[in-house]
Amino acid sequence: MVVVDNRDEIRQFLASRRAKITPQQAGLPVYGGNRRVAGLRREEVALLAGVSVDYYTRLERGNLSGVSEGVLDALARALQLDEAERGHLFDLARAANTTARSTRRRPAPQRVRPGVQRILDALTDAPADVRNGRRDILAANRLGYALYSEMFIDPARPANVARFVFLSPRAREFFPDWEGAANDLVANLRTEAGRNPYDRGLQDLVGELSTRSQEFRTRWTSHNVRYHHTGRKHLHHPVVGDLQLTYEVMALPADPGLSLVVYGGEPGSASQDGLRLLASWAATLNQLNQPATAQAPDQA
(Lines give C-alpha, C1' and ligand atoms only; values in the text may rest on other atoms or scores of the structure.)
Protein backbone atom coordinates (compact mmCIF):
# COMPACT_ATOMS: atom_id res chain seq x y z
CA MET A 1 0.00 0.00 0.00
CA VAL A 2 1.31 3.44 -0.94
CA VAL A 3 0.13 7.03 -0.74
CA VAL A 4 -0.87 8.35 -4.13
CA ASP A 5 1.74 10.74 -5.52
CA ASN A 6 -0.28 13.63 -6.89
CA ARG A 7 2.24 16.34 -6.10
CA ASP A 8 2.53 17.47 -9.71
CA GLU A 9 -1.26 17.90 -9.91
CA ILE A 10 -1.31 19.94 -6.69
CA ARG A 11 1.65 22.10 -7.70
CA GLN A 12 0.30 22.91 -11.14
CA PHE A 13 -3.23 23.56 -9.91
CA LEU A 14 -2.19 25.97 -7.14
CA ALA A 15 0.31 27.77 -9.37
CA SER A 16 -2.27 28.17 -12.15
CA ARG A 17 -4.88 29.59 -9.75
CA ARG A 18 -2.33 31.97 -8.19
CA ALA A 19 -1.41 33.26 -11.65
CA LYS A 20 -5.05 34.24 -12.30
CA ILE A 21 -5.40 36.62 -9.34
CA THR A 22 -3.91 40.10 -9.53
CA PRO A 23 -3.03 42.11 -6.41
CA GLN A 24 -5.82 44.54 -7.28
CA GLN A 25 -8.35 41.71 -7.39
CA ALA A 26 -7.08 40.49 -4.04
CA GLY A 27 -7.27 43.97 -2.50
CA LEU A 28 -3.51 44.24 -2.00
CA PRO A 29 -1.37 47.35 -2.57
CA VAL A 30 1.07 47.23 -5.49
CA TYR A 31 4.55 48.66 -4.94
CA GLY A 32 6.74 49.23 -7.98
CA GLY A 33 5.95 48.37 -11.56
CA ASN A 34 8.37 45.47 -12.15
CA ARG A 35 6.58 42.29 -11.11
CA ARG A 36 8.05 39.02 -12.36
CA VAL A 37 4.82 37.02 -11.96
CA ALA A 38 1.53 37.45 -13.78
CA GLY A 39 -0.60 37.04 -10.68
CA LEU A 40 0.03 36.93 -6.96
CA ARG A 41 3.39 36.15 -5.43
CA ARG A 42 3.65 33.23 -3.03
CA GLU A 43 4.16 35.58 -0.09
CA GLU A 44 0.98 37.44 -1.03
CA VAL A 45 -1.05 34.23 -1.07
CA ALA A 46 0.46 33.28 2.28
CA LEU A 47 -0.53 36.67 3.72
CA LEU A 48 -4.10 36.33 2.44
CA ALA A 49 -4.40 32.76 3.74
CA GLY A 50 -2.91 33.57 7.14
CA VAL A 51 -0.01 31.10 6.90
CA SER A 52 3.74 31.50 6.74
CA VAL A 53 5.50 31.86 3.41
CA ASP A 54 7.48 28.68 4.10
CA TYR A 55 4.28 26.75 4.79
CA TYR A 56 2.54 27.98 1.65
CA THR A 57 5.66 27.20 -0.39
CA ARG A 58 5.47 23.63 0.93
CA LEU A 59 1.84 23.42 -0.16
CA GLU A 60 2.52 24.74 -3.64
CA ARG A 61 5.36 22.27 -4.02
CA GLY A 62 2.66 19.62 -3.90
CA ASN A 63 2.61 18.56 -0.27
CA LEU A 64 -0.96 18.63 1.05
CA SER A 65 -0.40 15.72 3.41
CA GLY A 66 -1.97 16.42 6.79
CA VAL A 67 -3.32 19.85 5.84
CA SER A 68 -6.43 20.76 7.84
CA GLU A 69 -9.77 21.73 6.35
CA GLY A 70 -9.36 25.16 7.94
CA VAL A 71 -6.15 25.79 6.01
CA LEU A 72 -7.73 24.51 2.79
CA ASP A 73 -10.68 26.86 3.30
CA ALA A 74 -8.32 29.79 3.90
CA LEU A 75 -6.37 28.88 0.79
CA ALA A 76 -9.56 28.66 -1.28
CA ARG A 77 -10.58 32.14 -0.09
CA ALA A 78 -7.15 33.61 -0.78
CA LEU A 79 -7.13 32.24 -4.33
CA GLN A 80 -10.81 33.19 -4.84
CA LEU A 81 -11.68 29.65 -5.92
CA ASP A 82 -15.18 28.97 -7.18
CA GLU A 83 -17.24 25.99 -6.00
CA ALA A 84 -15.73 23.52 -8.48
CA GLU A 85 -12.15 24.73 -7.84
CA ARG A 86 -12.63 24.51 -4.07
CA GLY A 87 -14.00 20.99 -4.41
CA HIS A 88 -11.06 20.05 -6.61
CA LEU A 89 -8.59 21.36 -4.02
CA PHE A 90 -10.24 19.24 -1.34
CA ASP A 91 -10.20 16.22 -3.68
CA LEU A 92 -6.46 16.67 -4.26
CA ALA A 93 -5.87 16.90 -0.52
CA ARG A 94 -7.98 13.80 0.08
CA ALA A 95 -5.97 11.86 -2.48
CA ALA A 96 -2.70 13.02 -0.89
CA ASN A 97 -3.85 11.50 2.40
CA THR A 98 -5.26 8.27 0.98
CA THR A 99 -3.51 4.95 0.53
CA ALA A 100 -4.04 2.80 -2.52
CA ARG A 101 -2.59 -0.26 -4.17
CA SER A 102 0.64 0.46 -6.01
CA THR A 103 -0.70 -1.14 -9.19
CA ARG A 104 -3.72 0.06 -11.11
CA ARG A 105 -6.52 -2.39 -11.63
CA ARG A 106 -8.95 -2.15 -14.48
CA PRO A 107 -12.45 -1.83 -12.95
CA ALA A 108 -15.24 -4.20 -13.91
CA PRO A 109 -17.44 -2.89 -16.76
CA GLN A 110 -20.16 -0.58 -15.49
CA ARG A 111 -23.66 -1.78 -16.26
CA VAL A 112 -26.97 0.02 -16.34
CA ARG A 113 -29.55 -1.75 -14.22
CA PRO A 114 -32.81 -2.84 -15.90
CA GLY A 115 -34.75 -0.49 -13.63
CA VAL A 116 -32.73 2.48 -14.83
CA GLN A 117 -33.18 1.42 -18.45
CA ARG A 118 -36.95 1.29 -17.89
CA ILE A 119 -36.83 4.88 -16.64
CA LEU A 120 -34.93 5.89 -19.77
CA ASP A 121 -37.44 4.14 -22.02
CA ALA A 122 -40.35 5.81 -20.21
CA LEU A 123 -38.97 9.24 -21.22
CA THR A 124 -40.45 9.37 -24.70
CA ASP A 125 -40.48 13.16 -25.27
CA ALA A 126 -36.98 14.01 -24.08
CA PRO A 127 -33.54 12.70 -25.08
CA ALA A 128 -31.88 11.01 -22.11
CA ASP A 129 -28.82 8.89 -21.43
CA VAL A 130 -26.78 7.40 -18.60
CA ARG A 131 -23.05 8.14 -18.52
CA ASN A 132 -20.10 7.81 -16.18
CA GLY A 133 -17.48 10.35 -15.14
CA ARG A 134 -15.32 9.52 -18.17
CA ARG A 135 -18.28 10.56 -20.37
CA ASP A 136 -18.89 7.04 -21.64
CA ILE A 137 -22.55 6.81 -22.71
CA LEU A 138 -23.65 3.47 -21.27
CA ALA A 139 -27.35 3.56 -22.16
CA ALA A 140 -29.93 5.89 -23.71
CA ASN A 141 -33.54 6.07 -24.74
CA ARG A 142 -34.47 6.04 -28.42
CA LEU A 143 -34.54 9.84 -28.60
CA GLY A 144 -31.15 9.98 -26.87
CA TYR A 145 -29.64 7.69 -29.51
CA ALA A 146 -31.20 9.86 -32.20
CA LEU A 147 -29.84 13.07 -30.67
CA TYR A 148 -26.29 11.71 -30.58
CA SER A 149 -26.57 9.61 -33.74
CA GLU A 150 -23.35 11.19 -35.06
CA MET A 151 -21.50 9.81 -32.05
CA PHE A 152 -22.83 6.28 -32.54
CA ILE A 153 -21.59 6.06 -36.14
CA ASP A 154 -18.31 4.81 -34.68
CA PRO A 155 -18.95 1.15 -33.74
CA ALA A 156 -16.74 1.28 -30.63
CA ARG A 157 -18.74 0.82 -27.43
CA PRO A 158 -19.29 2.42 -25.08
CA ALA A 159 -19.44 5.62 -27.10
CA ASN A 160 -17.39 8.35 -25.45
CA VAL A 161 -18.18 12.06 -25.70
CA ALA A 162 -14.54 13.15 -25.28
CA ARG A 163 -13.27 10.89 -28.05
CA PHE A 164 -15.99 12.20 -30.35
CA VAL A 165 -15.28 15.87 -29.55
CA PHE A 166 -11.51 15.67 -30.00
CA LEU A 167 -11.03 12.89 -32.52
CA SER A 168 -14.06 12.91 -34.85
CA PRO A 169 -14.07 15.17 -37.92
CA ARG A 170 -17.86 15.48 -37.50
CA ALA A 171 -17.65 17.04 -34.04
CA ARG A 172 -17.07 20.66 -35.06
CA GLU A 173 -20.20 20.70 -37.18
CA PHE A 174 -22.25 18.90 -34.54
CA PHE A 175 -21.12 21.37 -31.83
CA PRO A 176 -21.34 24.88 -33.39
CA ASP A 177 -19.62 26.28 -30.29
CA TRP A 178 -16.92 23.65 -30.43
CA GLU A 179 -14.44 25.72 -28.40
CA GLY A 180 -16.87 26.11 -25.52
CA ALA A 181 -17.90 22.45 -25.64
CA ALA A 182 -14.25 21.35 -25.65
CA ASN A 183 -13.34 23.65 -22.75
CA ASP A 184 -16.26 22.44 -20.65
CA LEU A 185 -15.58 18.78 -21.40
CA VAL A 186 -11.91 18.94 -20.40
CA ALA A 187 -12.81 20.84 -17.24
CA ASN A 188 -15.34 18.11 -16.40
CA LEU A 189 -12.72 15.39 -16.97
CA ARG A 190 -10.16 17.28 -14.86
CA THR A 191 -12.72 17.48 -12.04
CA GLU A 192 -13.35 13.73 -12.33
CA ALA A 193 -9.60 13.02 -12.27
CA GLY A 194 -9.29 14.84 -8.96
CA ARG A 195 -12.29 13.01 -7.56
CA ASN A 196 -11.16 9.55 -8.74
CA PRO A 197 -7.36 9.57 -9.12
CA TYR A 198 -7.18 5.75 -9.36
CA ASP A 199 -9.61 5.42 -12.28
CA ARG A 200 -7.51 3.50 -14.79
CA GLY A 201 -10.09 3.96 -17.53
CA LEU A 202 -9.91 7.74 -17.10
CA GLN A 203 -6.11 7.69 -17.03
CA ASP A 204 -6.05 5.67 -20.24
CA LEU A 205 -8.54 8.05 -21.88
CA VAL A 206 -6.52 11.13 -20.92
CA GLY A 207 -3.35 9.44 -22.17
CA GLU A 208 -4.96 8.58 -25.50
CA LEU A 209 -6.40 12.05 -26.05
CA SER A 210 -3.17 13.76 -24.98
CA THR A 211 -1.28 11.68 -27.54
CA ARG A 212 -3.71 12.18 -30.40
CA SER A 213 -5.02 15.73 -29.91
CA GLN A 214 -3.04 18.94 -29.46
CA GLU A 215 -6.35 20.71 -28.70
CA PHE A 216 -6.90 18.37 -25.76
CA ARG A 217 -3.30 18.65 -24.49
CA THR A 218 -3.47 22.44 -24.41
CA ARG A 219 -6.71 22.44 -22.44
CA TRP A 220 -5.65 19.68 -20.06
CA THR A 221 -2.58 21.61 -18.91
CA SER A 222 -4.72 24.63 -17.98
CA HIS A 223 -6.05 22.71 -14.92
CA ASN A 224 -9.50 24.27 -15.20
CA VAL A 225 -12.30 22.41 -13.44
CA ARG A 226 -16.08 22.59 -13.72
CA TYR A 227 -19.16 20.91 -12.27
CA HIS A 228 -21.59 19.34 -14.71
CA HIS A 229 -25.06 19.74 -13.18
CA THR A 230 -27.20 21.89 -15.46
CA GLY A 231 -26.84 24.20 -18.45
CA ARG A 232 -27.56 24.83 -22.12
CA LYS A 233 -26.20 23.05 -25.16
CA HIS A 234 -26.24 24.14 -28.80
CA LEU A 235 -26.19 21.23 -31.24
CA HIS A 236 -26.47 21.05 -35.01
CA HIS A 237 -28.14 17.76 -35.83
CA PRO A 238 -27.67 16.52 -39.42
CA VAL A 239 -31.38 15.68 -39.73
CA VAL A 240 -33.26 18.39 -37.79
CA GLY A 241 -30.76 21.25 -37.80
CA ASP A 242 -29.96 23.59 -34.89
CA LEU A 243 -31.15 22.69 -31.40
CA GLN A 244 -30.85 24.92 -28.34
CA LEU A 245 -31.40 22.55 -25.44
CA THR A 246 -31.30 22.74 -21.67
CA TYR A 247 -29.97 19.79 -19.73
CA GLU A 248 -30.15 18.47 -16.19
CA VAL A 249 -27.68 15.97 -14.72
CA MET A 250 -28.93 13.75 -11.89
CA ALA A 251 -26.69 11.40 -9.94
CA LEU A 252 -27.87 7.82 -9.47
CA PRO A 253 -27.12 7.14 -5.78
CA ALA A 254 -27.53 3.37 -6.15
CA ASP A 255 -24.98 3.37 -8.97
CA PRO A 256 -21.92 5.36 -7.80
CA GLY A 257 -20.27 7.25 -10.62
CA LEU A 258 -23.25 7.11 -12.97
CA SER A 259 -25.54 10.01 -13.86
CA LEU A 260 -28.79 10.43 -15.75
CA VAL A 261 -28.71 13.30 -18.28
CA VAL A 262 -32.02 14.62 -19.66
CA TYR A 263 -32.37 17.24 -22.42
CA GLY A 264 -35.29 19.48 -23.25
CA GLY A 265 -36.36 22.40 -25.45
CA GLU A 266 -38.07 25.55 -24.21
CA PRO A 267 -41.87 25.28 -24.58
CA GLY A 268 -43.05 26.71 -27.88
CA SER A 269 -39.53 27.07 -29.25
CA ALA A 270 -38.13 25.93 -32.59
CA SER A 271 -35.95 23.50 -30.64
CA GLN A 272 -39.00 21.83 -29.14
CA ASP A 273 -40.37 21.43 -32.65
CA GLY A 274 -37.00 20.02 -33.65
CA LEU A 275 -37.21 17.40 -30.91
CA ARG A 276 -40.63 16.35 -32.18
CA LEU A 277 -39.18 15.95 -35.65
CA LEU A 278 -36.26 14.03 -34.16
CA ALA A 279 -38.70 11.70 -32.41
CA SER A 280 -40.40 10.98 -35.73
CA TRP A 281 -37.04 10.26 -37.33
CA ALA A 282 -36.04 8.08 -34.36
CA ALA A 283 -39.02 5.83 -35.00
CA THR A 284 -37.24 4.64 -38.15
CA LEU A 285 -34.01 3.66 -36.38
CA ASN A 286 -35.05 0.03 -36.04
CA GLN A 287 -34.87 -0.20 -39.81
CA LEU A 288 -31.26 1.06 -39.58
CA ASN A 289 -30.35 -1.74 -37.14
CA GLN A 290 -29.77 0.71 -34.28
CA PRO A 291 -28.50 -1.30 -31.25
CA ALA A 292 -30.78 -1.46 -28.22
CA THR A 293 -27.94 -0.63 -25.86
CA ALA A 294 -24.91 1.63 -25.93
CA GLN A 295 -22.75 -1.21 -24.64
CA ALA A 296 -20.88 -3.64 -26.85
CA PRO A 297 -22.75 -6.93 -27.45
CA ASP A 298 -20.47 -8.90 -25.15
CA GLN A 299 -21.21 -6.48 -22.28
CA ALA A 300 -24.98 -6.33 -22.68
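Would you check if there is a residue in the stretch 165-177 being farther than 27 Å from residue 18 by Cα, modelled with pLDDT of 95 or more and under 15 Å from the mean Cα position of the chain (by Cα)?
Yes, the stretch 165-177 has at least one match.
Output the residue which, of all residues in the stretch 166-203 that are open to solvent by 40 Å² or more (accessible area, probe 1.4 Å), touching a His at 6+ places or on another chain (Cβ under 9 Å) and part of a helix (DSSP H, G or I), is nearest to residue 92 (Cα to Cα).
Filtering first and then ranking leaves 195.
Across the stretch 75-97, which residue is nearest to residue 47 (Cα to Cα) among those that are under 15 Å from the mean Cα position of the chain (by Cα) and open to solvent by less than 80 Å² (accessible area, probe 1.4 Å)?
The residue in question is 85.
Search the stretch 205-261 for residues being open to solvent by less than 30 Å² (accessible area, probe 1.4 Å) and assigned to a loop (DSSP other than H, G, I, E, B), and hand back the single one that is nearest to residue 145 (Cα to Cα).
Looking at the filtered set, the residue picked out is 240.
Test each condition in (1) hydrophobic (A, V, I, L, M, F, W, C); (2) open to solvent by 60 Å² or more (accessible area, probe 1.4 Å); (3) in contact with a helix residue (DSSP H, G or I) (Cβ under 6 Å, 6 or more places away or on another chain) for residue 153 and report the one that comes out false.
(3)
Condition (residue is modelled with pLDDT under 90 and open to solvent by 40 Å² or more (accessible area, probe 1.4 Å)) applied to the stretch 46-63: is it met by at least one residue?
The answer is no, given that none of the residues of the stretch 46-63 is modelled with pLDDT under 90 and open to solvent by 40 Å² or more (accessible area, probe 1.4 Å).
So, in the stretch 223-270, of the ones that are hydroxyl-bearing (Ser, Thr, Tyr) and without any contact (Cβ under 8 Å) to a residue 60 or more places away in the chain, which residue ends up farthest from residue 111 (Cα to Cα)?
Out of the qualifying residues, it is 269.
Just one of (1) open to solvent by 30 Å² or more (accessible area, probe 1.4 Å); (2) under 22 Å from the mean Cα position of the chain (by Cα); (3) of a type outside the set (Asp, Glu) trips up residue 70, so point out which.
The single condition residue 70 does not satisfy is (2).
The values are calculated or read from the model by the stated rules, or taken from the named source; none is laboratory data. Values in this document were obtained by computation on a predicted structure and should not be read as measured data. Note that we place each Cβ from the backbone using ideal geometry, even for glycine, and neighbour counts take in every protein chain shown. Accessible surface areas use protein heavy atoms only, side chains included; no ligands, DNA or RNA. Shrake-Rupley method; radii C 1.70, N 1.55, O 1.52, S 1.80 Å.
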